[in-house]
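This report concerns only the one structure given below.
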Amino acid sequence: MLATAGRASLLAPLLFLALVFGQEGQQPAAFISVLKNVVDEVAIEGKPFPLEYTIRNLGTLPARVIIREGSNLAGLSLSKDSGNWTIVKNNVLPQSTTTARLMIVAETERVIPASRAQVEYSYTTSTGEEITRKGHSSASKPVVVYNYDEYRKTFRDYTREYTLFTLGTAIPVLLPLGVWLVLSASAADTTKLKSK
């Protein structure tokens, strides 16, 4: 039973690709996938952090892609240079990948849950028909928002612990090495004196 499930999981991507790229005679189309990614899983309240979107067109026609985020990130604001909650990419070429970013600001300490963006894309067929499709991006990871003082304390504690760990592991290595160097230098001097 387990071997059959394993084979089925291996065949699933191939079946997906066959459905996307289709059989002979199927009309060319755009097929968009959007991967939503959190660049940093830790943020500091009041400071901007990026959400990154990797947009892939796996189809054979160029597409116009619109990504909307507003309702998914309630209680957050955009940084001043980010514009609005909508990203528009007008000409995502076939078999290409592009990226876009939103700079988000969390005003209070909290955990921002994983979320998906709304994705809408449209393309024009060879007959001139405008086709629009809707879906969602992949889910991002949760982001922990710290207040600045707590973040500094955590960073300071981590730095102190890492330094103590490094010193604690270096002493048992460096002490025998130092003793060996002193003894080998002493032995070399003794050998020189005996040879004279």
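Here, each number is a calculation from the coordinates, and none is a lab measurement. Since the structure is predicted, the reported quantities are computational estimates derived from the model, not experimental observations. In this analysis, Cβ positions are derived from the backbone assuming ideal geometry, glycine residues included, and neighbour counts consider all displayed protein chains.
A few points about this structure:
- Under 19 Å from the residue 40 label point (7 Å along Cα→beta-carbon), backbone N, segment 128-154: 140-154
- Under the Karplus curve 6.51 cos²θ - 1.76 cosθ + 1.60, θ = phi - 60°, whole-Hz ³J(HN,Hα) for segment 144-151, x wherever Gly or Pro sits: 8, 9, 9, 7, 4, 5, 5, 5
- Here segment 47-196 has an Rg and Dmax of 29.3, 100 Å, counting Cα atoms alone.
- Note on residue 173 and residue 189: the extension gain reaches 3.3 nm, defined as 0.36 nm multiplied by sequence separation minus the Cα-Cα distance.
- In plain terms, the chain from residue 141 to residue 47 could stretch by 32.0 nm, reckoned as 0.36 nm per residue minus the Cα-Cα distance.
- Inter-label distance, nm, simple model (7 Å from Cα along the C-beta direction), residue 127/residue 111: 5.1
- Between residue 77 and residue 182, the modelled labels are 6.3 nm apart [label points 7 Å from Cα along Cα→Cβ].
- Once both labels are positioned 7 Å from their Cα atoms along Cα-to-Cβ, the gap between residue 148 and residue 99 label points is 2.8 nm.
- Net charge, residue 51 excluded, C-beta distance under 13 Å - Lys, Arg +1, Asp, Glu -1: +1
- For residue 134, the aspartates and glutamates whose Cα comes closer than 13 Å to its Cα, not counting residues fewer than 8 places off in the same chain, are 120.
- Each Lys or Arg adds one and each Asp or Glu takes one away; over the other residues whose Cβ falls under 11 Å from the Cβ of residue 106, this sums to -1.
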